[in-house]
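In what follows, a single structure is set out as structure tokens and then discussed.
The values are calculated or read from the model by the stated rules, or taken from the named source; none is laboratory data. These figures come from a predicted structure and were not determined experimentally. Here the Cβ positions follow ideal geometry from the backbone for every residue, glycine too, while neighbour counts run over all protein chains shown. Side chains included, ligands, DNA and RNA excluded: accessible areas come from the protein's heavy atoms. Shrake-Rupley method; radii C 1.70, N 1.55, O 1.52, S 1.80 Å.
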Amino acid sequence: MLGTCVNAAAILTGSFIGSFVSRGIGEKYKNGLFDALGLATVALGVNAVVSNMPKSEYPVLFIFSLALGTVIGTALDINGRFHGLLQSAKGGSRLAEGLSTAILLFCIGTLSILGPIESRLNGNNTYLLTNATLDFVSSIILSSAYGFGIALAAVVLFLWQGSIYLFAGFIAPYMTPSLMAEISLVGGVFLMSSGIGILNLRDCKTLNMLPALLVPPLFFYLLQLLR
């Protein structure tokens, strides 16, 4: 769990630095920062989709996953419930947007998923320490725009990676390159959706799409049962 603890600590530290720096940033610079952050998030999402599309063995699966996941997420109103939890906080709606982006950025990625497995099975924390470095920089940028509330993503990341770490022995055989490609495709779309929201182009309610992440693992599991 050392790597996960370092990763969570990196986000907390980065959030503190970013929120402290933001106090001296004027409104027009903050608006510029939102634009830059939105474009960067879209770029990361596009990169994830483009780089993983050739690896996909089932090119239509991510579309089906997004469609089914969004229907389930909308029925559960995940986005509305999440915003409701943060409504009492200062700038709650804006914080919810930034926090949802942070959670997706920190948790839905190859390093964040494979890192705890590699740490548990082989005692290798390289993936997690690399991820911690990236998250440290990202949390500074996000918190400078949205405030220290971004630090809450550290709690989510700790629970996420901690769960993967605990169940690594069971999960590892199923985390094939094919499955990771499908999960990364869906995650890439999530990031593009978040970026579009930050740019105020359209509120895609990205959190309602989260159940889509469960569809590829379930699909691959059913395939194994049928073979």
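If you run the Gaussian network model on the chain, springs between alpha carbon atoms under 10 Å, then out of Leu66, Leu214, Leu185 the most flexible one is Leu214. Taking the Cα centre of region 27-185 as reference, the dipole from Cβ charges on Lys and Arg (+1) and Asp and Glu (-1) amounts to some 260 debye.
Between Leu134 and Ser51, what length in nm is gained on full extension when 0.36 nm per residue of separation is reduced by their alpha carbon distance? Write out the running numbers ahead of the final one.
Details: separation 83, 0.36 × 83 = 29.88 nm, distance 1.89 nm.
Gain on stretching Leu134 to Ser51: 28.0 nm.
GNM on the chain, alpha-carbon springs under 10 angstrom: the most fluctuating residue among Leu166, Leu12, Leu210 is Leu166. Listed by chain and number, the aspartates and glutamates whose C-alpha is less than 16 Å from the C-alpha of Lys30, apart from same-chain residues fewer than 8 away, are Glu97.
In percent, rounded to a whole number, the relative contact order of region 162-227 is 30, using alpha-carbon pairs under 8 Å and six or more apart. When Rg and Dmax are taken over the Cα atoms of region 1-115, they come to 17.1, 49 Å.
Taking every alpha-carbon pair within the chain, the share separated by more than 28 Å comes to 29 percent.
Leaving out ligands, DNA and RNA, what percent of the accessible area of the chain is carbon and sulfur, probe 1.4 Å?
70 percent
With contacts taken as Cα pairs under 8 Å and at least 6 residues apart, region 88-172 reaches a relative contact order of 41 percent. Think of a 1.4 Å ball rolled over the protein heavy atoms: the chain then has 51 Å² of accessible area per residue. Between 0 and 90 degrees, rounded to the nearest ten: what's the tilt of helix 152-166 against the longest Cα principal axis of the chain? Compared with the principal axis, the helix lies near 20 degrees.
If only the Cβ of Lys and Arg carry +1 and only the Cβ of Asp and Glu carry -1, the dipole of region 61-155 around its Cα centre is close to 160 debye. Note: relative contact order over the chain, using C-alpha pairs below 8 Å and six or more positions apart, is 44 percent.
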